[in-house]
Amino acid sequence: MKISYPDSSVEEEFKGKSRLLTVVIGLLLAALLLGLLNMQLLNKKHYEELAANNRLRFMEIRAPRGRIMDRNKVILADNRPSFSIVVIPEDITDIKSIAQHLAKLLGSDPREIEDKFNRAVSKPYEAAYIARDIPFEKMARVQMELINLPGISIESESERDYVYSDLLSHTIGYLGEISEKELKKPGNEVYRKGDLIGRSGVEAACENDLRGIKGQIAFEVDARGRKLRVVKEQASQKGKDIILTIDSRLQAKARDVLGNKAGAVVVMVPSTGEILAMASSPGYDPSIFLTPMTSDMWKEVVENPKHPLENRALRGQYAPGSIFKVLVSFAGLKEGVITPEQTVFCSGKFKIGNREFMCWKKTGHGNVNFLKGLGESCDVYFYTKGLELGIDRLSRYAIDMGFGRKTGIELNDTSGIIPSREWKMKRFHQGWLHGETVNASIGQGYVMVTPVQVAKVMSAVMNGGKVIQPHILASTPTKVEMLLNLQDSQLKIIKNALRYVVQGDRGTARVLQDPMFSIGGKTGTAQVSKVIRSRRSDESDIPYDKRDHAWFFGVSPVNAPEIVVVAVVEHGGHGGSVAAPMVGEVIKEYYFLKGYKSGQPL
């Protein structure tokens, strides 16, 4: 039936509205089609991710770190099971309520947990740590309440385990949470907030090998963010194991001889550069850095007057005192300034212009040849020979052999100071003085060295001038930096003098005399402050921070050296009475570990 309109204008109005409605519907259909096109083709991946995020959650699986072992495969740093609490911020609907509930279960401050939630919301689908390495009892309480804690989950992980606590704390180093600043650095894309990273020692030097490769787990959640089932899991790959040149048994002896004294002991193989022990005292427990420290805990560490975090073996800078005379001897013999027969008269004083430089023996040593000069540590003998060498040659030999520059060891050490004319002009804008050469020739004045540098230089002397780079990783090959060949006859002269230090009637380390052991070495007593020295051997009437540093370098066997041992004791007093016995104990332990039997002479 045909509809008739009383007025043609009404008909036209109706048709116009129909056409408009048709256009609107067409536009809506077009928009819908464009939306579908955008979702299905142009931005398919984006919308797939959004859809998946409504249903799935993705979480990284931390890789167990590689183990750190000594040369005998004794495990020094391992991994142990642990439990951590993590949150996915997108699934938290009531931050304050969840924080209070979780804090009650963990025995924590709800404000701290709430603060962690708020810091994590910038990446809503990325898991963030709320508590790491929690005790089993707390884990069990949280586990029972997970149904009331949407967005919260418990992850079973591996935590670092430093098996011998402070035995090798400075060498192994410690881990700490990566910072926001570090996360932005190129090359750190593999890390996420809350990840642990090596902060010092081997943990830092071998971070790339130790950290391993992370895995990932995908699990389905319900509308409240509660975990339903695991959809997919990719296992992590454990980090590589690292083997050190260290012998943990010898390391224990080095730590024990230091006791509670501030100082360091370094044991090096002079023919290869292997470090067998490297102790720094006092030590610390590296595990304290695995979880966030309270301000009181941090204050206790950093305000300790003996600075336990300082690696004295690698970074402690000290005047070497008379140990430096061994290097002067090497340079003097090489340059023809020193010969075995030549003598110097020591009256107890050495005068340059109006200034007098004293020998440690106030009455003097009389006529001194090289054997007596080094064996009895006559200062006047080395004042004389140091001046004959001059600061230019003395500085050149010192730097060539390993002082005044980093040793090349895999860990972070420091350069120390070897003065020269150029150095002084640059530092103080002043010319060099003869009196400064005199001071440098006995290891005082501007000269500053580290224990590992002393081990390197003394090894170069004992092997006849082969400057070898120290190393602590078993995978590092022996590297000869330089050859400063000393004639066999000249090397024999030095070895005889070092033997005299221990075996001679007036040697400065007679305390080490033992018919069963072939030990040589050199004492050093480095002056710290110009105070009136005590006549008492322990200098107990002098304030601790004004006492001299005690040094001793030991070598054994003297004729065919197997090890070089260096000890320094801060404010320890005399090298012969304090540091020398420590070195002697370490050398004897070395032979016992090799199977030496009492009564069997070396």
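For region 454-483, how many residues are farther than 16 Å from Val326 by Cβ and not polar (S, T, N, Q)? Spell out how you get there, then give the answer.
First pass over region 454-483, keeping only residues farther than 16 Å from Val326 by Cβ: 468-483.
Now restrict to residues that are not polar (S, T, N, Q): 468, 470-474, 477, 479-483.
Residues that pass the stated criteria total 12.
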Going through region 419-435 in order, the residues found to be without any contact (Cβ under 8 Å) to a residue 24 or more places away in the chain, assigned to a helix (DSSP H, G or I) and open to solvent by 100 Å² or more (accessible area, probe 1.4 Å) are Glu422, Lys426, Arg427
If we keep only residues of region 436-456 that are among the hydroxyl-bearing types (Ser, Thr, Tyr) and open to solvent by less than 10 Å² (accessible area, probe 1.4 Å), then the residue nearest to the chain's Cα centre (by Cα) is Thr450
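For region 365-375, how many residues meet the condition of being open to solvent by 40 Å² or more (accessible area, probe 1.4 Å) and assigned to a loop (DSSP other than H, G, I, E, B)? Show your work before the answer.
Residues of region 365-375 that are open to solvent by 40 Å² or more (accessible area, probe 1.4 Å), as a first pass: 367, 369, 371-372.
If we keep only those that are assigned to a loop (DSSP other than H, G, I, E, B) too, we end up with 369.
Residues meeting the conditions: 1.
So that you can scan it fast, the table gives a plain yes or no per residue for (1) buried (at least 24 other Cβ atoms within 10 Å of the Cβ); (2) touching a helix residue (DSSP H, G or I) at 6+ places or on another chain (Cβ under 8 Å); (3) part of a helix (DSSP H, G or I); (4) of a type in the set (Ser, Thr, Tyr):
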position: Phe350; (1), (2), (3), (4): no, yes, no, no
position: Thr363; (1), (2), (3), (4): no, no, no, yes
position: Ser377; (1), (2), (3), (4): yes, yes, no, yes
position: Phe382; (1), (2), (3), (4): yes, yes, yes, no
position: Gly386; (1), (2), (3), (4): yes, yes, yes, no
position: Arg396; (1), (2), (3), (4): no, no, yes, no
position: Arg405; (1), (2), (3), (4): no, yes, no, no
position: Leu411; (1), (2), (3), (4): yes, yes, no, no
position: Thr414; (1), (2), (3), (4): no, yes, no, yes
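Starting from residues that are surrounded by 13 or more Cβ atoms within 10 Å (Cβ to Cβ) and not in a strand (DSSP E or B), keep the ones in region 545-558 and report whichever is modelled with the lowest pLDDT.
As a first pass, look at region 545-558 and keep what is surrounded by 13 or more Cβ atoms within 10 Å (Cβ to Cβ): 546-558.
Adding the requirement that they be not in a strand (DSSP E or B) leaves 546-548, 557-558.
On the way: Lys546: 79, Arg547: 85, Asp548: 90, Pro557: 96, Val558: 96.
Ranking the qualifying residues of region 545-558, first place goes to Lys546.
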When restricted to Ala140, Ala127, Ala120, the only residue at pLDDT below 85 and open to solvent by 20 Å² or more (accessible area, probe 1.4 Å) is Ala127
Among residues of region 194-216 being open to solvent by 60 Å² or more (accessible area, probe 1.4 Å) and in contact with a strand residue (DSSP E or B) (Cβ under 6 Å, 6 or more places away or on another chain), the residue farthest from Val87 (Cα to Cα) is Arg199
Of the candidates Tyr383, Tyr397, Tyr318, the one satisfying the condition of being under 25 Å from Pro451 (Cα atoms), among the aromatic types (Phe, Trp, Tyr), modelled with pLDDT of 95 or more and in contact with a Phe, Trp or Tyr (Cβ under 6 Å, 6 or more places away or on another chain) is Tyr383
Counting only residues that are in contact (Cβ under 8 Å) with a residue 24 or more places away in the chain and over 13 Å from Gly576 (Cα atoms), region 505-527 contains a total of 7
Taking region 313-348 and keeping only residues that are out of contact with any Lys or Arg (no Cβ under 8 Å at 6 or more places or on another chain) and part of a loop (DSSP other than H, G, I, E, B), one is left with Gly316, Gln317, Ala319, Pro320, Gly336, Thr339, Pro340, Glu341, Gln342, Thr343, Ser347
The residue that is most open to solvent (accessible area, probe 1.4 Å), considering only those in region 281-313 that are more than 13 Å from the chain's Cα centre (by Cα) and acidic (Asp, Glu), is Glu300
Notebook entry, point to check: What do you reckon, is Asn72 modelled with pLDDT under 80, of a type in the set (S, T, N, Q), loosely packed, with under 15 Cβ neighbours inside 10 Å and more than 24 Å from Glu145 (Cβ to Cβ)?
Noted result: no
Here the residues within region 437-456 that are in contact with a Gly (Cβ under 8 Å, 6 or more places away or on another chain), assigned to a helix (DSSP H, G or I) and among the aliphatic types (A, V, I, L, M) are Val438, Ala440
Considering region 145-173, residues that are in contact with a Gly (Cβ under 7 Å, 6 or more places away or on another chain) and part of a loop (DSSP other than H, G, I, E, B), and then whichever is surrounded by the most Cβ atoms within 10 Å (Cβ to Cβ), we arrive at Gly173
In region 365-416, anything without any contact (Cβ under 8 Å) to a residue 24 or more places away in the chain and either among the hydrophobic types (A, V, I, L, M, F, W, C) or in contact with a Leu (Cβ under 9 Å, 6 or more places away or on another chain) (or both) is listed as Ile399
Sole miss for Phe58 among (1) over 30 Å from Ala313 (Cα atoms); (2) out of contact with any strand residue (DSSP E or B) (no Cβ under 7 Å at 6 or more places or on another chain); (3) open to solvent by 20 Å² or more (accessible area, probe 1.4 Å) is condition (2)
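The values are calculated or read from the model by the stated rules, or taken from the named source; none is laboratory data. If you're wondering where the values come from, they're calculated on a predicted model, not measured in any experiment. Reconstructed Cβ throughout: ideal geometry from the backbone, glycine too, with neighbour counts over all protein chains shown. Quick note on the areas: whole protein, heavy atoms, side chains included, nothing else; ligands and nucleic acids left out. Shrake-Rupley method; radii C 1.70, N 1.55, O 1.52, S 1.80 Å.
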